[in-house]
Amino acid sequence: MLEVQKLSMRFGGLLAVDQVSLDVQEREIVSIIGPNGAGKTTVFNCMSGFYKPTGGKILFEGREVQGKPDYKISRMGMVRTFQHVRLFTQMTVVENLLVAQHRHLNTNMISGLLGTPNYRQREQKALDRAAYWLERVGLLELANRDAGNLAYGQQRRLEIARCMVTEPKLLMLDEPAAGLNPAETKELNQLIISLKEDYNVSVVLIEHDMSLVMDISDRINVINQGKPLASGTPEEIRRNDDVIKAYLGEA
Amino acid sequence: MAANNLRHALFCAIVTLIISFPILGLNLEAKGINITLTGAKTSTYVAIVLAAVVVFVFQIFRDSFMGVLGKLPNLNPLAGREPMEQSKRVKLESWILTGIVIFALFWPFLVSRGSVDLATLVLIYIMLALGLNVVVGLAGLLDLGYVAFYAVGAYTFALLSQYTGISFWMALPIGALLAGLTGMILGFPVLRLRGDYLAIVTLGFGEIIRILLNNWTTLTGGPNGIGGIPDPTLFGMEFGRRVKEEGNTSFHETFGIAYASEHKIIFLYLIALVLAVITALIIRRFMRMPVGRAWEALREDEIAARSLGLSRTAVKLSAFTIGAFFAGFAGTVFASKQGFISPESFVFLESAIILAIVVLGGMGSQLGVILAAIAVTILPELAREFSEYRMLIFGAAMVLMMVWRPQGLLPMRRIHIKLNRQE
């Protein structure tokens, strides 16, 4: 489904990502791990179109997407969250979910002004989908609160819900468990598994919480200092000497 | 603590002296061709010193003074009450607003000609401020050259009427569309800019338009402006004493009433009122539509908006275009009201005042912006005697507002959306 081939990203003299490859199949959870500064988020930024990679290819469903503008990649069905939650803080929770469903603004400008039945139907559908996902992540009661007033864990869940209302095929989560307490992490764990099982979404995950990664990943890619270090199932990674060295230092 | 307080108070008093002495205490007088500097009356000096003393005392006792102010009973008798139920309040608000609009329809027949004229100006500013509110308040794009689009609308009508003899009703959509087009054209180069950079570029753009109008004398008449802009007609009926155009009839003859110059002014006021109401309704509609939410999303977090598939180009350009469109609307009405326009009317100060209206009213809040437009336009008229100190009062009011209500007169309220639980 997603294939990243020898991706490189150079910022001036700094080679932040060097020949990283990974692939994601349908209904699969693939994690990218590595020490801080290893270039995980840079890989994400290249995949989601925020950066134009300086080398390599990214194929999504057989089509090259590297260098395409971010909003087009998102419309193809690759949607991401951010390491630091990026909500529309002064808008309400439900408005956050509505915005995500408004990709084609111009086509319905006139019908919206006139309030045609077709337009209303679409608005209602968007509302229903928003309500569905709010219920799913347990935020329905807070639908009309400002998103900025939610607790941190709720903001994290809202961000995932906001991605899901766009009906993505591939979800990219950048450290979704950062700042969550153990109970919330557990909930998140279940949510991500259910996204895969019940909604047929593939997930690419960057995470530092090893228990989460080991629990839910089908495969793991390890990056160190921009270079691919290892890849395999959680069991293989756990036993890989290079990975242990990278994380714990040379003995 | 006390010493600190004293030092601060002394500093404030000295600043007061430094500022007020040259402004009030020194006068320039023309004697022949020379200018001499003379002192003011003794009473003025006494007043300056007294002012400094007042500032000093206030600053020393500021904490206790402000503390007492805070303990005063709340002036708003409704403050302690439970907020009304959402649906009920919306209904009540819409009734009150409808009532105000209906009252505004009949109001001009009761008051003097000057008041109606002023009210027309207020309505023009309401249109402008509502339009700028889209760009600044909703989309978060700081536009300091908004008056350029106002000028485009006004000059479109003036030029077209001069060269092709077009009527007000034809010019209204053309002026608005051209202004909208200008907005879009300006939008392209500034797509990547935000904040300060955007402000500078739009400021420059506003000046370019004004200077262009000023210097392209062959077309626009330069600083002499364009006169003889026709008044609007009502189904081909003119409001002048004598019919200017072949085939038209005059209003007072058709209805068999005596000619009165008020008719025209009231008619213009009613046009402005209807247009302002239309503007408010359309923009209100936009705010509840996908495009309106997209504007706000872009203001809140551009990166997140893009990651969700919103095209920055489409969102920003639509905000610029729609904002400019309504400025063009206002410009056409303004040209028709004045009958004469020159680049003088479209200076940067106008942009600043419109922006001030939006900020005072509360970014994004339509009702707040309308209230602020009324206040900002009418207050200087009421305070005509203090005309010398108008900008001073204006500035002081702005500072006070920013201290007490930084979010504006009526901050924007989120729309409550009812959701049905999905199974």
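The values are calculated or read from the model by the stated rules, or taken from the named source; none is laboratory data. Predicted model, so just to flag it, every value in this text is computed and none were measured. Backbone-built Cβ (ideal geometry, glycine too); neighbour counts: all protein chains shown.
In table form, for the structure just shown:
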| item | result |
| --- | --- |
| Of all residues making up region A:63-95, the number that are surrounded by fewer than 17 Cβ atoms within 10 Å (Cβ to Cβ), closer than 30 Å to residue B:362 by Cα and more than 7 Å from chain B (Cβ to nearest Cβ) | 1 |
| Count of residues meeting criterion [farther than 30 Å from residue B:60 by Cα and surrounded by fewer than 10 Cβ atoms within 10 Å (Cβ to Cβ)] in region B:6-34 | 7 |
| Filter result for residue B:421 (part of a loop (DSSP other than H, G, I, E, B) and either more than 30 Å from residue B:114 (Cβ to Cβ) or more than 14 Å from chain A (Cβ to nearest Cβ) (or both)) | yes |
| Among residues of region B:213-261, those that are under 26 Å from residue B:108 (Cα atoms), surrounded by 12 or more Cβ atoms within 10 Å (Cβ to Cβ) and at pLDDT 80 or above, counted | 4 |
| Helices (runs of 4 or more DSSP H) wholly inside region B:226-312 that include at least 3 residues being within 14 Å of chain A (Cβ to nearest Cβ) and under 30 Å from residue A:174 (Cβ atoms) | B:290-300, B:302-307 |
| From the options B:352, B:356, B:314, B:297, residue that is crowded, with 21+ Cβ neighbours inside 10 Å and assigned by TED's automatic domain parsing to the domain that holds residue B:177 | B:297 |
| Evaluation of residue A:29 against (1) more than 30 Å from residue A:199 (Cα to Cα); (2) surrounded by 22 or more Cβ atoms within 10 Å (Cβ to Cβ) (one fails), failing number | (1) |
| Helices (runs of 4 or more DSSP H) wholly inside region B:57-147 that include at least 3 residues being modelled with pLDDT under 85 | B:62-71, B:86-106 |
| Any hit, region B:325-333, residues being farther than 14 Å from residue B:139 by Cα and within 11 Å of another protein chain (Cβ to nearest Cβ) | no |
| Unique match (being touching a helix residue (DSSP H, G or I) at 6+ places or on another chain (Cβ under 7 Å), assigned to a helix (DSSP H, G or I), more than 8 Å from chain B (Cβ to nearest Cβ) and within 23 Å of residue B:140 (Cβ to Cβ)) among A:98, A:158 | A:158 |
| Test: residue in region A:151-159 that is over 26 Å from residue A:77 (Cβ atoms) and of a type in the set (D, E, K, R) | no |
| Residue check, residue B:373 away from every other protein chain (no Cβ under 14 Å), part of a helix (DSSP H, G or I) and touching a Gly at 6+ places or on another chain (Cβ under 6 Å) | no |
| One residue from A:233, A:166 being over 25 Å from residue A:48 (Cβ atoms) and among the polar types (S, T, N, Q) | A:233 |
| From A:59, A:15, A:7, residue being buried (at least 22 other Cβ atoms within 10 Å of the Cβ), in a strand (DSSP E or B), outside the structural domain of residue A:127 (by TED's automatic domain parsing) and not hydroxyl-bearing (Ser, Thr, Tyr) | A:7 |
| Unique residue being closer than 18 Å to residue A:20 by Cα, surrounded by fewer than 18 Cβ atoms within 10 Å (Cβ to Cβ) and in the same structural domain as residue A:40 (by TED's automatic domain parsing) when the list is A:225, A:190 | A:225 |
| Within region A:124-136, tally of residues that are surrounded by 20 or more Cβ atoms within 10 Å (Cβ to Cβ) and either in a loop (DSSP other than H, G, I, E, B) or at pLDDT below 90 (or both) | 0 |
| Residues that are within 17 Å of the chain's Cα centre (by Cα) and surrounded by fewer than 22 Cβ atoms within 10 Å (Cβ to Cβ), drawn from region A:146-157 | A:153, A:154, A:155 |
